[in-house]
Amino acid sequence: ILSKLEYAFNQFDSPEIKQLQQQLEQHPEDLSAKVALAHAFNSAGRKAEALELLFSVLKKQLNFGDARKDFLAIIESLPSGDSVATQYRRKLYSILY
């Protein structure tokens, strides 16, 4: 059990995430870095943070790469009725309409 907890903790703030965060600190307007960090957050189970990053990309450029598709995929991966999913779905609708 301890090894599983240690593994989960290391995944939560992995070296990859730390590196991407540093890259983003150096280049805060780099949309590709934001998307990459969002993917890392999503893989680590940090879905709200991933959605926030992807939303910041979509606010700047709605059709940036696969950001919108990734955003929707994360929302769909959340349980039905999840408050985070509802919150970010509304945010997306606010910039679409």
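Here the chain is described by how far its Cα atoms reach on the three principal axes: 48, 36, 16 Å, from widest to narrowest.
Overall, the accessible surface of the chain at a probe of 1.4 angstrom is composed of carbon and sulfur to the extent of 53 percent.
Suppose R0 equals 22 Å; then what is the FRET efficiency for Ser56 and Ser80 from their Cβ-Cβ distance, rounded to the nearest 0.05? The computed FRET efficiency comes out at 0.30. Its relative contact order, with pairs defined as Cα atoms under 8 Å and 6+ residues apart, puts region 13-58 at 33 percent.
In a reduced charge model with +1 at each Lys and Arg Cβ and -1 at each Asp and Glu Cβ, region 14-92 shows a dipole moment near 280 debye about its Cα centre.
Principal-axis analysis of the Cα atoms of the chain puts helix 15-26 at an angle of about 50° to the longest axis. Note on Lys47: lysines with a C-alpha under 17 Å away, same-chain residues under 8 apart excluded, are Lys18, Lys34, Lys69, Lys91. Derived scalar couplings between HN and Hα for region 81-97 equal x, 4, 5, 5, 4, 4, 4, 6, 5, 5, 4, 4, 4, 5, 8, 7, 10 Hz in order, rounded to whole Hz, by the Karplus curve 6.51 cos²θ - 1.76 cosθ + 1.60 (θ = phi - 60°), x for Gly and Pro. For region 30-45, putting each phi into the Karplus relation 6.51 cos²θ - 1.76 cosθ + 1.60 with θ = phi - 60° gives couplings of 6, 5, 5, 5, 5, 5, 4, 5, 4, 4, 5, 4, 4, 4, 8, x Hz, in residue order, rounded to whole numbers and with x for Gly and Pro. In the chain, the longest principal axis of the Cα atoms and the axis of helix 67-77 are about 60 degrees apart.
The values are calculated or read from the model by the stated rules, or taken from the named source; none is laboratory data. Since this is a predicted model, take the numbers as computed values, not measurements. Quick reminder, even Gly has a Cβ in these numbers, built from the backbone with ideal geometry, and neighbours come from all protein chains shown. Just so you know, the surface numbers come from the protein's heavy atoms only, side chains and all, with ligands and any DNA or RNA stripped out. Shrake-Rupley method; radii C 1.70, N 1.55, O 1.52, S 1.80 Å.
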